[in-house]
C-alpha cells in the first residue's frame with residue numbers, strides 16, 4: 001500500500017513556476033510550428049511530398065496566420081499551393097494531435113512527478129496511525145494478538161502496532177474459524 005509521504009520529505013521535487021512556464025512556452029512554439037507542418041502535410045496529401053518553408057519560416061507562419069497559405073514559399077511551390085481548406089484541416093489535425101499529446105503528458109506528469117505525487121513505503125504502524133487520526137479503521141485477522149510477533153518481527157514495532165490498533169478499539173472475537181480459511185483448507189486436501 002502506498003502512502004503519500006510529501007509532508008515528511010525534505011527533498012521534495014521542485015514545483016516552482018519555472019518548469020510549467022518552460023513547458024508552456026515549448027508547447028506554444030510547437031503549436032505555432034503545427035501550422036507549417038499542416039501546410040507540409042497538405043502538400044504531401046496532394047502528392048507533392050512534404051514541404052517545409054525552410055529559411056522563410058517566419059514569413060510562412062505570418063502568411064498562414066493571415067490566411068495566405070503560399071506566403072514564404074518559393075515561386076514554384078507558391079504556384080501549386082493546396083486549397084486553403086486542406087492546409088488548415090491538416091494544421092487542425094496536427095494541433096489536435098499536439099493537444100492530445102500535451103494532455104497525456106500532463107496527466108502522466110501529474111501522477112508521477114507532480115505536486116503531492118511522491119509515494120513511498122510506510123511502516124504498517126504509520127499507515128494505522130495516519131488512518132486512525134482521520135477516520136475509523138477495521139482490522140480482520142485469523143490469528144490472535146498474542147501471535148502478532150509472527151507478522152511484525154521487530155518487538156518494538158509489534159508493540160507499537162498492536163498499541164495503535166487496540167487504542168480506544170472495539171475488539172470482537174468470534175472464536176470461530178474463518179469460513180474462507182476453512183473452505184481453502186478443504187479444497188487443498
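The values are calculated or read from the model by the stated rules, or taken from the named source; none is laboratory data. Not measured: the values here are computed from a predicted model. We place every Cβ from the backbone using ideal geometry, glycine too, and count neighbours over all the protein chains shown.
Taking the options 107, 143, name whichever one is out of contact with any strand residue (DSSP E or B) (no Cβ under 7 Å at 6 or more places or on another chain), modelled with pLDDT of 65 or more and outside the structural domain of residue 36 (by TED's automatic domain parsing).
From the options 107, 143, the qualifying one is 143.
Given region 1-101, what helices (runs of 4 or more DSSP H) lie entirely inside it while holding 3 or more residues that are under 30 Å from residue 112 (Cβ atoms) and modelled with pLDDT of 90 or more?
Where helices (runs of 4 or more DSSP H) fall fully within region 1-101 and carry at least 3 residues being under 30 Å from residue 112 (Cβ atoms) and modelled with pLDDT of 90 or more, they are 18-45.
Just a yes or no: is a residue in region 114-128 assigned to a loop (DSSP other than H, G, I, E, B) and at pLDDT 65 or above?
The answer is yes; a qualifying residue exists.
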